[in-house]
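Below you'll find the structure, written out as structure tokens, and then a few comments.
The values are calculated or read from the model by the stated rules, or taken from the named source; none is laboratory data. Note that the structure is a prediction, hence the values are computed from the model and not measured. With ideal geometry, Cβ positions are generated from the backbone for all residues, glycine too; neighbour counts draw on all protein chains shown.
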């Protein structure tokens with residue numbers, strides 16, 4: 001593994017590109033929008049400066065990291081020399097399927113195709129390719145340069161040696177690999193999203209206010225961030241979408257998103273990225 005292509009230059013994509021480049025890989029960062037690529041590079045630059053300020057890297061390491069990243073505006077050019085491609089586009093199954101078809105068409109035959117999806121079926125994405133045995137989930141946590149966990153999801157078709165390769169690769173990044181099977185929401189979101197949803201339901205029922213609900217979970221359960229604040233950081237639209245995937249995947253109404261959550265998304269109150277969710281934030 002020498003060259004890693006990352007498709008999608010948003011929050012997760014630029015973080016994934018950052019950690020691979022910082023750990024000695026050549027990274028091809030792909031996005032159709034030049035503005036998104038430039039914003040991603042600026043974010044990586046800023047995050048590297050934070051690491052320098054904390055004495056975790058040197059200025060020389062920062063320069064090396066930035067030089068290891070090449071940007072592309074089309075999938076074909078970006079993946080033709082890749083050993084692995086990681087799709088980090090928006091959490092929408094049809095968009096991801098379209099990208100996986102392109103990845104499969106243009107990536108080398110021995111290239112592993114990975115996805116950063118947090119809830120969508122790996123088997124379903126692999127089915128649109130000619131290499132389902134080489135398709136795997138590699139779910140990083142946000143912010144990627146800081147969070148240690150990588151949830152690795154293998155489908156029933158993923159070869160054991162592909163899973164082991166990704167486990168080893170994750171360890172090379174200084175991350176902790178946790179392998180799970182391909183069920184809706186995997187483990188992280190299968191447990192996290194119902195908790196967030198229940199906090200929203202409790203708020204809508206008037207059991208308590210936003211700050212108190214979060215404080216109870218922080219002080220009583222030792223969570224670093226309360227569920228409503230965490231929802232704001234994840235994005236309320238993302239939370240809603242994952243809950244819908246869980247509801248449909250398990251055919252169980254208990255996963256249905258709270259009406260308050262649905263209403264806030266419809267009103268454009270998406271959390272940090274829109275400037276308002278359960279809390280208000282500065283200009284975005």
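Structure above, values below:
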{"quantity": "Criterion (at pLDDT below 95, surrounded by 15 or more Cβ atoms within 10 Å (Cβ to Cβ) and touching a helix residue (DSSP H, G or I) at 6+ places or on another chain (Cβ under 9 Å)) met by exactly one of 79, 93, 27, 6", "calculated": "93"}
{"quantity": "Qualifying residue in the range 223-233 (condition: without any contact (Cβ under 8 Å) to a residue 24 or more places away in the chain, more than 19 Å from the chain's Cα centre (by Cα), surrounded by fewer than 21 Cβ atoms within 10 Å (Cβ to Cβ) and not assigned by TED's automatic domain parsing to the domain that holds residue 140)", "calculated": "yes"}
{"quantity": "Failed item, numbered, when residue 141 is tested on (1) under 27 Å from residue 279 (Cα atoms); (2) in contact with a helix residue (DSSP H, G or I) (Cβ under 7 Å, 6 or more places away or on another chain)", "calculated": "(2)"}
{"quantity": "All positions within the range 76-85 that are more than 12 Å from residue 104 (Cα to Cα) and outside any loop (DSSP other than H, G, I, E, B)", "calculated": "77, 78"}
{"quantity": "In the range 148-178, the residues that are assigned to a strand (DSSP E or B) and surrounded by 15 or more Cβ atoms within 10 Å (Cβ to Cβ)", "calculated": "150, 151, 152, 153, 154, 177, 178"}
{"quantity": "The range 96-126, residues that are more than 21 Å from the chain's Cα centre (by Cα) and part of a loop (DSSP other than H, G, I, E, B)", "calculated": "107, 108, 109, 110"}
{"quantity": "Among (1) part of a helix (DSSP H, G or I); (2) buried (at least 20 other Cβ atoms within 10 Å of the Cβ); (3) in contact with a strand residue (DSSP E or B) (Cβ under 9 Å, 6 or more places away or on another chain) - the single one residue 243 does not satisfy", "calculated": "(3)"}
